[in-house]
């Protein structure tokens, strides 16, 4: 018997995310230096921070190369940050090896074609509302929120609520 989505959330042990189009909108400003300027949703950041505090391993796997992205996620407690990822599956495999994880116990959120192989290999593939059609076709859950507008908070909060780790004593502390 196949579990429904809410039941499957009880088995998530780790998270992995793309950045552009997930934590930030698909539109970015280009600085004259060549740096892409991204905005991020503070509630997404809190959800990641709380998940890390609750002991969930988190990986960031992005094709982008920004020291600001590394700094942001390091500040939130993320230890596995893969920038300039040319083959997200290779970086994903490194993450699962380092954390000794079963891919079926991982929730991944991506929004575009480079995320497809990882999404096909995880237990809970998810995406923002404005993801590419190919990504939506393999997602078990499509957030009602767009990239950069709280889609990460949506999925992390659902997992932590399902496992009794959302509104606990640690939720009120930084």
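Close contacts from region 61-74, counting a first residue that is within 20 Å of residue 93 (Cα to Cα) and a second that is in a strand (DSSP E or B) and modelled with pLDDT under 90, with Cβ to Cβ under 7 Å and a gap of 6+ residues or different chains, come to 64/36.
Let's see how each residue does on (1) in a loop (DSSP other than H, G, I, E, B); (2) farther than 12 Å from residue 15 by Cβ:
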residue: 43; (1), (2): no, yes
residue: 51; (1), (2): no, no
residue: 55; (1), (2): yes, no
residue: 60; (1), (2): no, no
residue: 65; (1), (2): yes, yes
residue: 72; (1), (2): no, yes
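Within region 13-41, the set of residues being farther than 16 Å from residue 127 by Cβ, touching a helix residue (DSSP H, G or I) at 6+ places or on another chain (Cβ under 9 Å) and either modelled with pLDDT of 75 or more or in a loop (DSSP other than H, G, I, E, B) (or both) comprises 13, 14, 35, 38, 40. Exactly one residue out of 130, 111 is in contact (Cβ under 8 Å) with a residue 12 or more places away in the chain, crowded, with 18+ Cβ neighbours inside 10 Å and in contact with a strand residue (DSSP E or B) (Cβ under 6 Å, 6 or more places away or on another chain), and it is 111.
Only one of the numbered conditions (1) buried (at least 20 other Cβ atoms within 10 Å of the Cβ); (2) in contact with a helix residue (DSSP H, G or I) (Cβ under 6 Å, 6 or more places away or on another chain) is violated by residue 103, and that is (1). Against the list (1) under 14 Å from the mean Cα position of the chain (by Cα); (2) part of a loop (DSSP other than H, G, I, E, B); (3) in contact (Cβ under 8 Å) with a residue 40 or more places away in the chain; (4) within 30 Å of residue 168 (Cα to Cα), the condition residue 77 fails is (3).
Candidates are the residues of region 144-170 that are touching a helix residue (DSSP H, G or I) at 6+ places or on another chain (Cβ under 6 Å) and more than 15 Å from residue 10 (Cα to Cα); the one that is surrounded by the fewest Cβ atoms within 10 Å (Cβ to Cβ) is 170.
Output yes when any residue across region 97-107 is within 13 Å of the chain's Cα centre (by Cα) and within 13 Å of residue 59 (Cα to Cα), and no when none is. Steps first, please.
Taking region 97-107 as the starting set, the residues that turn out to be within 13 Å of the chain's Cα centre (by Cα) are 106-107.
Retained after the next criterion (residues that are within 13 Å of residue 59 (Cα to Cα)): 106-107.
Taking every residue of region 97-107 in turn, at least one turns out to be within 13 Å of the chain's Cα centre (by Cα) and within 13 Å of residue 59 (Cα to Cα).
The values are calculated or read from the model by the stated rules, or taken from the named source; none is laboratory data. Owing to the predicted nature of the structure, the values given are computational and were not obtained by experimental measurement. All Cβ positions, even for glycine, are placed from backbone atoms using ideal geometry, and neighbour counts span all protein chains on display.
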